[in-house]
Amino acid sequence: MGAIVFEIRQALTYLQKRQDVDPDRLGVTGMSFGGITTFYSWLVDDRITAAASICGGVGSVGEFVETGSRGYHGFYWWIPDMLTQGDQGDFAAAMAPRPLMLWAPLDDIGMPKEGVDRFLSEAYPAYYETGHSENLLVLRPPGKHQFTLEAFKAMKEFFDEYLLK
C-alpha cells in the first residue's frame, strides 16, 4: 500500500507542475483497489482537495476482521499494526472537514455495512463539529461491489461541487 500511495503522490507532484492544472483543485478517485488507495492517499496528502472512493473497502478494518470475508482482500489492504493507532473512521475524523465521498453499497463484499456504520459513528461527529458535515458524503445504495452509472453520476456531482467552485 505504501508503494502505491507513494506513486499517487508522485502523480500529484507532476500534476501540480502542469500549467493546465489548478494545483489547488486536485481530486482523486478509484474503484475497489483504486478506492482504498484513494482513501489512504487522501489521508496522507493534503494536496488532495477532494477524494471519492467507490467500493473501496473503506469502513472499519476492525469490523471487517470480526465479520467480513477476510480472504477477499489481498495483502495490499492490510496495513500492519494499523488498528493499534486507530481505525479508518478515526483517521477520517482527523481530516475533517476535507471533502470525502464513499460509495458503499449495502451488499459490498469488500466492506460489511456494519463497518461503514462504525466508520460513520467515528467520522461524522468530527465533520459535524466543523460545521461542514456535508463534506462527508457516504452513499449506501442497495447493491454489490460494482461501479454503476449511479456511482459515476454521484462522483461527478461530488467533484463538481468541490473542485469547480
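Each reported figure results from applying straightforward, stated rules to the coordinates on display, with no laboratory input. All of these numbers come straight from a predicted model, not from anything done at the bench. When we count neighbours, we look across all protein chains shown, and the Cβ atoms used for this are built from the backbone with ideal geometry, even at glycine.
Report, in order of residue number, the helices in the chain meeting two criteria: a C-alpha extent of 15 Å or more along the helix axis, and a mean Kyte-Doolittle hydropathy of at least 0.0; treat each whole DSSP H run as one helix. It would help to have the intermediate numbers written out before the result.
Working: long enough: 2-17 (23 Å, 0.37); 33-44 (17 Å, 1.07); 113-130 (25 Å, -0.86); 149-163 (20 Å, -0.11).
Qualifying helices, which must be both long enough and hydrophobic enough, are 2-17, 33-44.
Take the alpha carbon gyration tensor of the range 24-148, find the square roots of its eigenvalues, order them as a ≥ b ≥ c, and report rounded if a/c is under 1.5; if not, report prolate when a/b exceeds b/c, else oblate. Before the final figure, lay out the partial values.
Values: a/c = 1.39, a/b = 1.31, b/c = 1.06.
Verdict is rounded for the range 24-148.
So how strong a dipole does the range 55-165 carry about its Cα centre when Lys and Arg Cβ are +1 and Asp and Glu Cβ are -1, to the nearest 20 debye?
On the way: 9 positive and 16 negative charges, 65 e Å.
That gives a dipole near 320 debye.
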**Asked** What aspartates and glutamates could a cross-link reach from LYS165, if we take a straight Cα to Cα line under 16 Å and drop same-chain neighbours fewer than 8 places away?
**Response** ASP22, ASP24, GLU134, GLU157
**Residues whose placed amide H lies under 5 Å from that of LEU26, excluding near-sequence neighbours** = THR49, ALA50
**Asked** Separation of the range 11-60 and the range 107-140 by C-alpha centroid, Å?
**Response** 18
**Rounded, prolate or oblate (a/c below 1.5 giving rounded, otherwise prolate when a/b exceeds b/c) for the range 13-59 by Cα gyration tensor** = prolate
**Prompt:** ALA104: net charge of surrounding residues, Cβ under 14 Å, Lys/Arg +1, Asp/Glu -1, itself excluded?
**Reply:** -2
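Would you mind counting up the charge near ILE54? Only other residues with Cβ under 13 Å from its Cβ, with Lys and Arg at +1 and Asp and Glu at -1. Kindly include the intermediate steps, with their values, before the conclusion.
Working: positive: ARG140, LYS144, LYS153, LYS156; negative: ASP108, GLU150.
Result for the local shell: +2.
For VAL116, what charge total do you get from the other residues with a beta carbon under 13 Å from its beta carbon, if Lys and Arg give +1 and Asp and Glu give -1? Intermediate values should be presented prior to the final figure.
Working: positive: LYS113, ARG118, ARG140; negative: GLU63, ASP87, ASP107, ASP108, GLU114, ASP117, GLU122.
Counting the neighbours of VAL116, the net charge comes to -4.
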**Request:** At a Cα cut-off below 16 Å, give the aspartates and glutamates reachable from LYS144, other chains included and same-chain residues fewer than 8 away excluded.
**Result:** ASP107, ASP108, GLU114
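What ranking do 127-139, 98-110, 40-52 get when scored by the average of other Cβ atoms within 10 Å per residue, highest first? Provide the component values of the computation, followed by the final result.
Details: 127-139: 15.9, 98-110: 22.0, 40-52: 20.4.
Order by mean packing, descending: 98-110, 40-52, 127-139.
Looking at the square roots a ≥ b ≥ c of the eigenvalues of the Cα gyration tensor of the range 106-165, which shape do they give, rounded for a/c under 1.5, prolate if a/b is larger than b/c, or oblate? Spell out each step's value before the answer.
Numbers: a/c = 3.48, a/b = 1.11, b/c = 3.14.
Note, shape of the range 106-165 comes out oblate.
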